[in-house]
4 protein chains.
Amino acid sequence: MAVGVVGARGKVGAEVCRAVRGADGMTLVAEVDVDDSLDLLVESGAQAVVDFTHPGVVMHTLEFCVRHGIHAVVGTTGFDEARLETLRGWLADAPGVGVLIAPNFSIGAVLMMRFAAAAAPFYESVEVVELHHPDKADAPSGTARRTAELIAAARREAGLGPVPDATSTGLGGARGADVDGVRVHGLRIRGLVAHQEVILGGVGETLTIRHDSLDRASFTPGVLTGLRSIADHPGLTVGLEGFLDLP
Amino acid sequence: MAVGVVGARGKVGAEVCRAVRGADGMTLVAEVDVDDSLDLLVESGAQAVVDFTHPGVVMHTLEFCVRHGIHAVVGTTGFDEARLETLRGWLADAPGVGVLIAPNFSIGAVLMMRFAAAAAPFYESVEVVELHHPDKADAPSGTARRTAELIAAARREAGLGPVPDATSTGLGGARGADVDGVRVHGLRIRGLVAHQEVILGGVGETLTIRHDSLDRASFTPGVLTGLRSIADHPGLTVGLEGFLDLP
Amino acid sequence: MAVGVVGARGKVGAEVCRAVRGADGMTLVAEVDVDDSLDLLVESGAQAVVDFTHPGVVMHTLEFCVRHGIHAVVGTTGFDEARLETLRGWLADAPGVGVLIAPNFSIGAVLMMRFAAAAAPFYESVEVVELHHPDKADAPSGTARRTAELIAAARREAGLGPVPDATSTGLGGARGADVDGVRVHGLRIRGLVAHQEVILGGVGETLTIRHDSLDRASFTPGVLTGLRSIADHPGLTVGLEGFLDLP
Amino acid sequence: MAVGVVGARGKVGAEVCRAVRGADGMTLVAEVDVDDSLDLLVESGAQAVVDFTHPGVVMHTLEFCVRHGIHAVVGTTGFDEARLETLRGWLADAPGVGVLIAPNFSIGAVLMMRFAAAAAPFYESVEVVELHHPDKADAPSGTARRTAELIAAARREAGLGPVPDATSTGLGGARGADVDGVRVHGLRIRGLVAHQEVILGGVGETLTIRHDSLDRASFTPGVLTGLRSIADHPGLTVGLEGFLDLP
């Protein structure tokens, strides 16, 4: 498989390039960054592209890829329903092309989300805390938003009402962001890489599920899995879990 | 249902008495402690007994209950395979009598164990840390031992070999207790109640599942569930999870 | 010493009553709650009052106490500079009367704040997370605000600039409340009591200082210390640390 | 200053080489590893040596350095009182030569130890947990042993007796290693770098001080500080804290 990497000179992109170079059955044919033309992808014969860039440019790249029949494995964050709908529109005109949008490519993050959703029906309270290095552009992280959405859906399905919260006085922002009724808090601290904690609580007990990425290399096995499976998943897929063999 | 509590004047036993008194469809008919005769259970007409006592006396109590056709819901720790085998022998002669041995009655503990076993196949390393108040008699806790056993079984089934460990010098005990190849560490600290953490790790990332019981009352919903279901589960059951409706 | 308790039938107030009753050299002479007149304090001869109530009523109680020459040990939160200034005004007219306003009476909380301020000059980043039960009225907690203020002062004194934060897109509230340039996050989760974490980070490492109150009784030693020392500290004191013998 | 690095091709040694190369006023003159002769250090004119190697070889290297008048900054672990005494003997014959033995070169580790010792007198219970990657040779870590020794000394000075522990049954090793009466637990998990937690507890509350090294680069500022100060500290120094300007 001929693979192009967009955002190739960013920290994450460089790790992806290294992983693709070392992977069986893959060839790294294009390394594109901010000053390069996307035409390089077509000229190099890339069959699939990996994109870890910025919310401000990713849609332009994806429109280009879909139009040229190139699959895309995307770790860039900032996708809301409007963006996904736009993507689905483009893909409807390009049968056979697959796009994977995954807010997190680590198996640990996927397990964290799955366990959080499975535990949610048993607990009155739940909140999400994500912690990252201070160079990150978006807050909360895409993984944290998605986790909160999955938890909110599991609570609704179980017939749970709103989480209890008697806050009546205080400072703006203290209670975090509201994602479908689930509070999400984003910390930005030098020295950290990418970390997230889901805390669930009921009378007299709490259950905490925490994922720590201590090295960017932890993302690469999931990216390679995405590349290997993308041709078999035409259309839009959101979340790596559909590509994994989980219980 | 007529319920007797053994160890009724212990801290946990007193909570159980309070919960049974407040529960629909249950009557607390006997409160037995160290200076009382077990005959009280028979005289009071107890149909089921709850036992939170000490490894040194629980077998005597259970032999008495099984012989008199009284179901038992048991939170006392210290059960090894030999003790379970003895129990199975007694129960073979008492069809219809149910005994539930659960190292932990909190839903959070059950979820922690289930998630730890589900995640185990994806990680090279895993260890268990349990933290309790310093008045606890056994180390590691029954919950920690059972968690380690479940993790070890999941690793074996997934074809994983031993966890990596290059330790070649140090102090005895530093690496914890070995339970089926999984290291288990027990901390005893004033101010704590009952806490446990399972840490799983692979290249560049870790997943941590932590359960905190901050109040003894967190045990009681599980005990009531055990009492309500025990008559429908004759014979020996180990672990509350069989009585729950989990995914 | 004759002690009155205001908010005596609240959970914390009841613990305080129990502690005062059991303390050498103290007599509990008045238990006042929402429907009682403050005149009870004068009639009972209370020399000092303990107040764990609500931001909406505490100023009225303090005005009454100061006017009647009764010392006050106050755990109620919600004091800003304007309120403290008002208090100082009242106290200026009542020489000999002492008021202690402490956002937290536990020795652990005091140590956490002191260590956080001592470590602050060595780290580029720092944030505060406080976690409480969901019945709490204010967010962030008084302890968290005070911790952030102490950290901010220590950073200023060390000549540190603002913490790094590249956030440019996201949801309102995700980055918490801003207290003197230090981000503070408040979680509200059933099962929790009172917990706080300060996370400091620099290149490649973080230092975390965490305090967990698992039982309301953890506040009472600090309250008794406050009562024993208040007569020797006329005027306004903010924070228990001045009454302790710390390094 | 002309600096030689022993263990230069190990992971930590390579980071040290990088840091020395990038540091003002230092020149990296020798990179020695397992197959090289120590004579390289003398031939290259090294004035100071950094040693991050293995307990089995470090004493041989130090004897060589002291005999040749070369200062040494040592991060290798495994030093007990007998080894330190031997070192002091060698140094007595080499006035002007300085050796710094530091179990941890990160400022966070030093602060963790200092805070743990400062808090120890206020708490009935305390234990130490260290967590590292599974390729580490010694357990517990040198930092954890030293932390426990400092805590034990602070407790003795405050007149505290032994920590409470009612453990009477269990598995060998579950309660960790005993260092001067303080229990120390060592975890070895893939994905981790170097982490340590000190948990102190009293009635109803705990205080936790945690240090996380997420990147080996976190050690290098301390190493450079050691190199810059070593010539001014002849004889044996144990611990980086003496070289820092701490409160």
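The values are calculated or read from the model by the stated rules, or taken from the named source; none is laboratory data. Keep in mind that this is a model prediction, so the values were computed, not measured. Note: ideal-geometry Cβ built from the backbone for every residue, glycine included; neighbour counts use all protein chains shown. When the accessible area is computed, the model is the full protein with side chains, heavy atoms only, and any ligands, DNA or RNA have been set aside. Shrake-Rupley method; radii C 1.70, N 1.55, O 1.52, S 1.80 Å.
Contact order for segment D:1-120, expressed relative to its length and based on alpha carbon pairs under 8 Å spaced 6+ residues apart, stands at 21 percent. Each other copy places its own label point for D:G56 at 4.7, 5.5, 7.2 nm from this one, sorted shortest first, where the point lies 7 Å along the Cα-to-beta carbon line. Couplings 3J(HN,Hα) of segment C:36-51, computed from phi: 9, 7, 5, 4, 3, 5, 5, 4, 7, x, 4, 8, 9, 10, 10, 10 Hz, in residue order, whole Hz [Karplus 6.51 cos²θ - 1.76 cosθ + 1.60, θ = phi - 60°; x for Gly and Pro]. Under a model in which nothing but the beta-carbon of Lys, Arg (+1) and Asp, Glu (-1) is charged, chain D shows a dipole of about 360 debye around its Cα centre. Across the identical copies, the 7 Å label point of D:V34, projected outward along Cα→Cβ, sits 4.4, 5.7, 7.2 nm from its counterparts, in ascending order. Couplings 3J(HN,Hα) for segment D:188-205, derived from phi with the Karplus relation 6.51 cos²θ - 1.76 cosθ + 1.60 (θ = phi - 60°), are 10, 9, 4, x, 7, 10, 8, 9, 8, 9, 10, 10, 10, x, x, 4, x, 7 Hz, where x marks Gly and Pro. A:D180 label point (Cα plus 7 Å toward Cβ) to equivalent points in the other copies: 3.5, 4.0, 5.3 nm, shortest first. Bridging of D:K11 to lysines at a Cα separation below 25 Å is possible for A:K11, D:K136, once same-chain residues fewer than 8 apart are set aside. Quick check: the angle from helix A:58-67's long axis to the longest principal axis of chain A, C-alpha only, nearest 10 degrees? So the inclination is approximately 50 degrees. About its Cα centre, the protein assembly as shown has a charge dipole of approximately 0 debye under the convention of +1 per Lys or Arg Cβ and -1 per Asp or Glu Cβ, with nothing else charged.
For chain C, the longest principal axis of the Cα atoms and the long axis of helix C:81-92 meet at an angle of about 30 degrees. What the pair-distance distribution of segment D:52-94 shows, using all Cα-Cα distances binned every 10 Å from zero, is 28, 64, 9 percent. From the alpha carbon centroid of segment D:153-222 to that of segment D:1-63 is 32 Å. Computed 3J(HN,Hα) for segment D:207-218, one whole-Hz value per residue from the Karplus formula 6.51 cos²θ - 1.76 cosθ + 1.60 where θ = phi - 60°, is 10, 10, 10, 10, 10, 10, 9, 9, 8, 4, 4, 5, glycine and proline marked x. Axis angle, to the nearest 10 degrees, between helix A:220-230 and the longest C-alpha principal axis of chain A: 60 degrees.
Each distinct pair of alpha carbons in segment A:1-158 adds a 1/r term; the inverse of their mean, the Kirkwood radius, is 17.0 Å. List the accessible area buried at the contact between B and D, summed over both sides and calculated with a 1.4 Å probe, in Å² to the nearest 100. Using a 1.4 Å probe on protein heavy atoms, the buried area is about 3300 Å². Take segment A:107-214, drop everything but the C-alpha atoms, weight them equally and run the Debye formula without solvent; then report log10 I(q)/I(0) at 0.12, 0.22, 0.24 Å⁻¹ to two decimals. Summing over Cα pairs of segment A:107-214 leads to -0.39, -1.22, -1.37. Note that segment C:1-42 carries a Kirkwood radius of 10.3 Å, evaluated over its alpha carbons pair by pair.
The residues of the protein assembly as shown present an accessible area of 37 Å² per residue when probed at 1.4 Å with all protein chains retained.
Cβ-Cβ distance of A:D165 and C:E85, R₀ of 35 Å, FRET efficiency by 1/(1 + (r/R0)^6): the value works out to about 0.65. For the rotational copies A and D, the chain A residue with its Cβ nearest the relating axis, together with that separation in Å, is A:L214, 3.
Taking Cα centre as origin and charging only the Cβ of basic (Lys, Arg, +1) and acidic (Asp, Glu, -1) residues, the dipole magnitude of segment C:1-112 rounds to 280 debye.
Ranking D:M113, D:A139, D:S125 by Cα position along the charge dipole of segment D:107-214, where only Lys, Arg, Asp and Glu carry charges on their C-beta atoms, puts D:A139 farthest toward the positive end. Along its first, second and third principal axes, ordered by size, segment C:87-149 spans 44, 33, 20 Å in Cα coordinates.
When the scattering of the protein assembly as shown is computed by the Debye formula from its Cα atoms alone, each counted once and equally, what is log10 I(q)/I(0) at q = 0.06 Å⁻¹? Taken in order of the listed q values, log10 I(q)/I(0) reads -0.50. Structural descriptor for chain D: relative contact order 22 percent, calculated from alpha carbon pairs under 8 angstrom and at least 6 residues apart.
Protection proxy ranking, highest mean first, for peptides D:26-35, A:11-20: A:11-20, D:26-35, where packing is the per-residue count of other beta-carbon atoms within 10 Å, averaged. Overall size of segment C:19-111 from C-alpha positions, given as principal axis extents largest first: 34, 33, 28 Å.
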